[in-house]
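Participant: Below are the structure tokens for one structure; questions will follow.
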């Protein structure tokens with residue numbers, strides 16, 4: 001028999017939405033329009049959290065610049081969103097897989113199905129923090145739509161004991177679920193069309209927040225240039241080869257044939273190929289110049305190694 005849980009009916013993510021009281025009687029078009037109208041709350045939530053999110057973005061960038069790691073912690077939809085964002089960082093930005101990681105209640109099995117009671121186990125989360133040797137160099141971001149998930153708070157509390165910076169992303173007001181972590185991002189989207197189904201508006205808002213955190217942190221690492229992903233290894237598939245060739249052509253002015261030659265000589269690394277083509281350097285010299293400028297392409301291309309403002 002399951003133990004009784006704390007009553008969470010007062011939370012914004014659990015309340016019924018009056019707008020969807022007659023959901024079952026709507027036509028498909030009316031139902032789609034209702035979802036579209038409700039989803040407008042997602043952008044409002046992002047606006048309301050902009051300052052808190054900017055603070056977390058700055059902390060994430062600083063963490064990576066200092067050689068630390070970012071960890072997402074979550075259960076269910078929140079955990080899967082964290083896993084998705086972490087897993088996309090290596091192919092998008094060319095970073096090592098351990099720089100952004102996810103700790104998911106129930107482990108990898110929870111990616112494809114429920115793992116009973118995993119989200120209620122704070123001790124398992126604390127043990128995982130210890131296993132990964134999270135330290136003062138790291139940032140641990142808990143994701144919990146309702147803000148109360150024991151697994152998430154177990155990880156955050158243990159991470160804080162080990163000296164790590166901590167953050168909570170939730171979709172309920174701090175007045176309902178207060179916290180004392182270093183960063184608290186509250187994405188207030190209101191009740192879901194399906195009461196309690198936080199994979200909907202809450203999930204969408206969370207995905208936008210995670211996009212912002214890793215994308216803008218990677219900008220601070222020099223992984224982008226003029227709004228382009230330039231630190232990718234194009235050897236993974238033909239789509240990336242094509243993208244790399246277009247990047248080399250754009251930033252050097254060479255034709256596609258020459259761009260592909262440069263990519264080949266650079267071992268498929270677009271940023272290195274760009275420096276080679278723009279400055280007439282071989283691969284080794286191009287990599288050395290990139291290293292000397294911290295990996296920032298704009299600085300590497302500048303004559304004095306200083307990007308113009």
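The values are calculated or read from the model by the stated rules, or taken from the named source; none is laboratory data. Every value quoted in this text rests on a predicted model; they were computed, and no experiment measured them. Methodologically, a virtual Cβ is constructed for each residue, glycine included, from the backbone with ideal geometry; neighbour enumeration extends over all protein chains shown.
Participant: Within region 283-290, is even one residue under 28 Å from the mean Cα position of the chain (by Cα) and modelled with pLDDT of 95 or more? Full working, then the answer.
Facilitator: We begin by selecting, within region 283-290, every residue under 28 Å from the mean Cα position of the chain (by Cα); these are 287, 290.
Okay, now just the ones that are also modelled with pLDDT of 95 or more, so 287, 290.
Yes, there is a match, as at least one residue in region 283-290 is under 28 Å from the mean Cα position of the chain (by Cα) and modelled with pLDDT of 95 or more.
Participant: Another question, then. Among (1) touching a helix residue (DSSP H, G or I) at 6+ places or on another chain (Cβ under 6 Å); (2) assigned to a helix (DSSP H, G or I); (3) at pLDDT below 95, where does residue 95 come up short?
Facilitator: Failing condition for residue 95: (2).
Participant: Please find, within region 234-248, the residue that is farthest from the chain's Cα centre (by Cα) out of those that are more than 13 Å from residue 276 (Cβ to Cβ) and surrounded by 15 or more Cβ atoms within 10 Å (Cβ to Cβ). Walk me through it before giving the result.
Facilitator: From region 234-248, those more than 13 Å from residue 276 (Cβ to Cβ) are 234-243, 245-246; that's our starting set.
From what's left, surrounded by 15 or more Cβ atoms within 10 Å (Cβ to Cβ): 234, 240-241, 243, 245.
Details: 234: 22, 240: 21, 241: 25, 243: 22, 245: 27 Å.
Only one residue tops the list, namely 245.
Participant: Before we move on, is residue 138 touching a residue at least 12 places away in the same chain (Cβ under 8 Å), over 30 Å from residue 257 (Cα atoms), in the same structural domain as residue 23 (by TED's automatic domain parsing) and surrounded by fewer than 19 Cβ atoms within 10 Å (Cβ to Cβ)?
Facilitator: On the way: touching a residue at least 12 places away in the same chain (Cβ under 8 Å): yes; over 30 Å from residue 257 (Cα atoms): yes; in the same structural domain as residue 23 (by TED's automatic domain parsing): yes; surrounded by fewer than 19 Cβ atoms within 10 Å (Cβ to Cβ): no.
It is false that residue 138 is touching a residue at least 12 places away in the same chain (Cβ under 8 Å), over 30 Å from residue 257 (Cα atoms), in the same structural domain as residue 23 (by TED's automatic domain parsing) and surrounded by fewer than 19 Cβ atoms within 10 Å (Cβ to Cβ).
Participant: Select from region 225-239 the residues that are touching a helix residue (DSSP H, G or I) at 6+ places or on another chain (Cβ under 7 Å) and without any contact (Cβ under 8 Å) to a residue 40 or more places away in the chain and write down the one among them that is farthest from residue 265 (Cα to Cα).
Facilitator: Taking region 225-239 first, the residues touching a helix residue (DSSP H, G or I) at 6+ places or on another chain (Cβ under 7 Å) are 225, 228-232, 234, 236.
Narrowing further to those that are without any contact (Cβ under 8 Å) to a residue 40 or more places away in the chain: 228, 234.
Working: 228: 21, 234: 12 Å.
Here the answer is 228.
Participant: Of everything in region 19-47 that's touching a residue at least 12 places away in the same chain (Cβ under 8 Å) and over 30 Å from the mean Cα position of the chain (by Cα), which residue is surrounded by the most Cβ atoms within 10 Å (Cβ to Cβ)?
Facilitator: 20
Participant: Go through region 221-248 and give me each residue that's modelled with pLDDT of 90 or more and in a helix (DSSP H, G or I).
Facilitator: 238, 239, 240, 241, 242, 243, 244, 245, 246, 247, 248
Participant: Inspect region 253-270 for any residue being within 27 Å of the chain's Cα centre (by Cα), surrounded by 22 or more Cβ atoms within 10 Å (Cβ to Cβ) and closer than 24 Å to residue 65 by Cα and give the result as yes or no. Talk me through it step by step, then tell me what you get.
Facilitator: Restricting attention to region 253-270, the residues satisfying the condition of being within 27 Å of the chain's Cα centre (by Cα) are 268-270.
Subsequent filtering for residues that are surrounded by 22 or more Cβ atoms within 10 Å (Cβ to Cβ) retains 269-270.
Filter once more, so that each one left must be closer than 24 Å to residue 65 by Cα: 269-270.
Looking through region 253-270, at least one residue is within 27 Å of the chain's Cα centre (by Cα), surrounded by 22 or more Cβ atoms within 10 Å (Cβ to Cβ) and closer than 24 Å to residue 65 by Cα.
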